[in-house]
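Each value in this text was obtained by applying a stated rule to the coordinates, not by laboratory testing. This is a predicted model, so every value here is computed, not measured. Note: ideal-geometry Cβ built from the backbone for every residue, glycine included; neighbour counts use all protein chains shown.
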Amino acid sequence: MNGILAIMQLTWIEARRRKIVLAAVLCGIGFLVVFGLAIYSNSERAIGMPLVQRRMVLQVLTLVGLYAINFLVIALSVLLPVDTLSGEIESGVIQTLASKPVRRADIILGKWLVFWLMLAAYIIVMAGGLVAIMYALTGFRQQNLLPALGLMQLEATVLLSVTMAGGVRFTTITNGIVAFSYFVLAFVGGLIEQVGMIGGNVTARYIGTAISLVTPVDAIWRKALAILQPPFMAQTVITPFSGGAEPSAAMLWWAVLVVMVAMTLTIRGFRRRAL
């Protein structure tokens with residue numbers, strides 16, 4: 001346990017030195033300011049709308065904002081760990097840690113825990129800030145926010161774990177390409193599944209589901225959207241910000257299994273890796 005705590009402290013210091021945290025915070029603040037100004041400039045138009053129409057418009061605007069935040073979280077989930085193993089292996093810095101009385105598994109777990117906590121804090125601050133802005137300017141309350149934030153964290157955890165697994169085997173650039181391709185594949189799979197659902201194409205739905213089993217990132221996000229939006233909206237409005245084909249709870253457990261497999265492969269690969 002002491003080894004994990006020591007690695008966590010070193011990883012946090014390194015993240016601060018590289019100004020990763022500062023850059024993420026500044027970008028997040030910039031987005032919230034722009035979003036707040038956009039809502040403020042259009043808030044008067046929403047006042048005169050009928051109650052049901054006004055609520056739907058505000059709900060869609062909130063989902064648009066959370067959709068953008070989700071992409072920021074995805075980018076951070078990849079950029080935080082993309083260089084932490086491959087870069088340190090290439091530069092030889094990792095040899096200093098590995099030569100000390102610290103297990104290689106502790107190095108992996110310590111780094112993973114710091115990044116996981118940073119992502120959790122980022123999701124809470126960004127999503128909480130956006131919902132607070134909507135409530136302060138329009139009085140709109142987003143329902144079921146906490147379960148949705150948990151799902152966003154699970155989505156980030158999958159990408160974090162997969163990126164760290166790639167860092168043991170690939171160079172930094174290659175790892176970044178593979179990690180982002182992993183997300184793009186999930187997005188395409190979710191799109192195919194939704195198109196198959198709308199068009200009644202069973203084959204397309206099966207293909208989309210098969211892709212989601214390989215990369216469940218988009219499926220987790222669609223589950224979060226299904227929780228966030230009212231049931232009538234999920235049935236009548238199909239947009240990139242709606243849930244579309246809602247994944248089952250089994251897909252979430254599958255995502256947890258993907259995380260466990262990725263971390264197991266990371267630890268085993270790092271133990272066998274010549275430094």
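Which shape class applies to the chain: rounded if a/c is under 1.5, otherwise prolate when a/b exceeds b/c and oblate if not, where a ≥ b ≥ c are the square roots of the Cα gyration tensor eigenvalues? In terms of gyration-tensor shape, oblate. For VAL33 and LEU213, the FRET efficiency from 1/(1 + (r/R0)^6), where r spans their Cβ atoms and R0 equals 30 Å, is about 0.15. Full extension of the chain segment joining ALA120 with GLU90 gains 7.9 nm, where the gain is 0.36 nm per residue of separation less the Cα-Cα distance. Using the Cβ-Cβ distance between ASN42 and LEU5 with R0 = 41 Å, the FRET efficiency computed as 1/(1 + (r/R0)^6) comes to roughly 0.30. Taking label positions 7 Å along the Cα-Cβ direction at both VAL102 and LEU22, the computed distance is 2.4 nm, reported to one decimal. Of the peptides 262-268, 23-29, the order by per-residue mean of other Cβ atoms within 10 Å, starting with the highest, comes out as 262-268, 23-29. Spin-label pair GLN143-ARG272: with each label point 7 Å from Cα along the Cα-Cβ axis, the two points sit 5.1 nm from one another. Remark: spin-label model distance LEU79-ILE198 equals 3.1 nm, labels positioned 7 Å along the Cα→Cβ axis. Within the stretch 140-209, the trypsin sites (Lys or Arg not before Pro) that combine a DSSP coil assignment with at most 14 other C-beta atoms in a 10 angstrom radius are ARG141.
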